[in-house]
Amino acid sequence: MILWWYKPYVLSAVFSAAFIAHIEASYDDETIKNELCQVVPIPNHDTDFLVGLVKQMQNQMRWSKEPALREWMINNRLDGFTKLVRASEDTPPEELAILKRLKEAGPKAAANMPKLMGEIMQITAARQAKTANA
C-alpha cells in the first residue's frame with residue numbers, strides 16, 4: 001500500500017516535471033527559479049522520510065509566498081494535496097475542523113523538526129557503525 005505522505009517522494013515525477021516547466025515559463029530570475037525548485041530527496045531508508053518531509057515543508061513555505069504559483073497549484077490536476085487542504089464555501093463543518101487542526105499543527109510540527117532530525121542523525125550513525133562492523 002502506498003501512503004499519501006509518500007506522494008511527494010515517490011509518485012510525483014510527473015507533477016515535478018510540470019512544476020519545473022511552469023517555473024521556467026513563468027519566472028525570469030534564475031535565483032527565484034532555484035529557490036522554487038529545491039530538490040526533495042527520495043528516501044532510501046525509513047529514516048529518510050523525515051529528511052524529505054522537512055525539505056517538502058520548506059518548499060511549501062516558499063511556494064506559499066507566490067500568489068500566482070499558489071493559484072497554479074490549486075488548479076493543477078497533478079497536485080491533489082493542495083486542492084484537498086483548501087477549504088471552500090461547500091466544505092462541511094467536520095472537514096473544516098480537520099483543516100483547522102492541520103493548520104494549527106503545522107507550525108508545531110515544524111518547530112519539532114530539529115529535535116527529530118537530531119534523533120534521526122543518531123539512528124543513522126548507529127546504523128552506519130553497525131554496517132561498518134559487520
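The values are calculated or read from the model by the stated rules, or taken from the named source; none is laboratory data. What you are looking at is a predicted structure, and each value in this text was computed from that prediction instead of being measured. Glycine also receives a Cβ, built like all others from the backbone with ideal geometry; neighbour counts cover every protein chain displayed. These area figures cover heavy atoms from the full protein model, side chains too; ligands, DNA and RNA do not enter into them. Shrake-Rupley method; radii C 1.70, N 1.55, O 1.52, S 1.80 Å.
Going by the conditions given, is L102 under 15 Å from the mean Cα position of the chain (by Cα) and either small (G, A, S) or not in a helix (DSSP H, G or I) (or both)? When the stated conditions are applied, L102 does not pass them.
Number of residues in the stretch 59-81 that are more than 23 Å from L116 (Cβ to Cβ) and either open to solvent by less than 40 Å² (accessible area, probe 1.4 Å) or of a type in the set (F, W, Y) (or both): the value is 7. Of all residues in the stretch 40-53, how many are touching a helix residue (DSSP H, G or I) at 6+ places or on another chain (Cβ under 6 Å), among the β-branched types (V, I, T) and open to solvent by 50 Å² or more (accessible area, probe 1.4 Å)? Count: 1. Figure legend. Inter-residue proximity from the stretch 115-126: first residues closer than 15 Å to G52 by Cα, second residues open to solvent by 50 Å² or more (accessible area, probe 1.4 Å) and part of a helix (DSSP H, G or I), beta-carbon distance below 9 Å, spacing 6+ or different chains. Indicated pairs: M117/V51; I120/V51. Considering the conditions (1) open to solvent by less than 70 Å² (accessible area, probe 1.4 Å); (2) not in a helix (DSSP H, G or I), Q56 is excluded by exactly one of them, (2).
In contact with a helix residue (DSSP H, G or I) (Cβ under 9 Å, 6 or more places away or on another chain), open to solvent by less than 30 Å² (accessible area, probe 1.4 Å) and either of a type outside the set (A, V, I, L, M, F, W, C) or modelled with pLDDT of 85 or more (or both): does that describe I23?
yes
If you go through the stretch 86-132 and keep only what is open to solvent by less than 50 Å² (accessible area, probe 1.4 Å) and among the β-branched types (V, I, T), you end up with T91, I120, T124. The set of residues from the stretch 26-53 being at pLDDT 85 or above and in a helix (DSSP H, G or I) comprises S26, E30, T31, I32, K33, N34, E35, L36.
Hey, could you check the stretch 1-10 for residues that are within 17 Å of the chain's Cα centre (by Cα) and surrounded by fewer than 14 Cβ atoms within 10 Å (Cβ to Cβ) and say which is modelled with the lowest pLDDT?
I2
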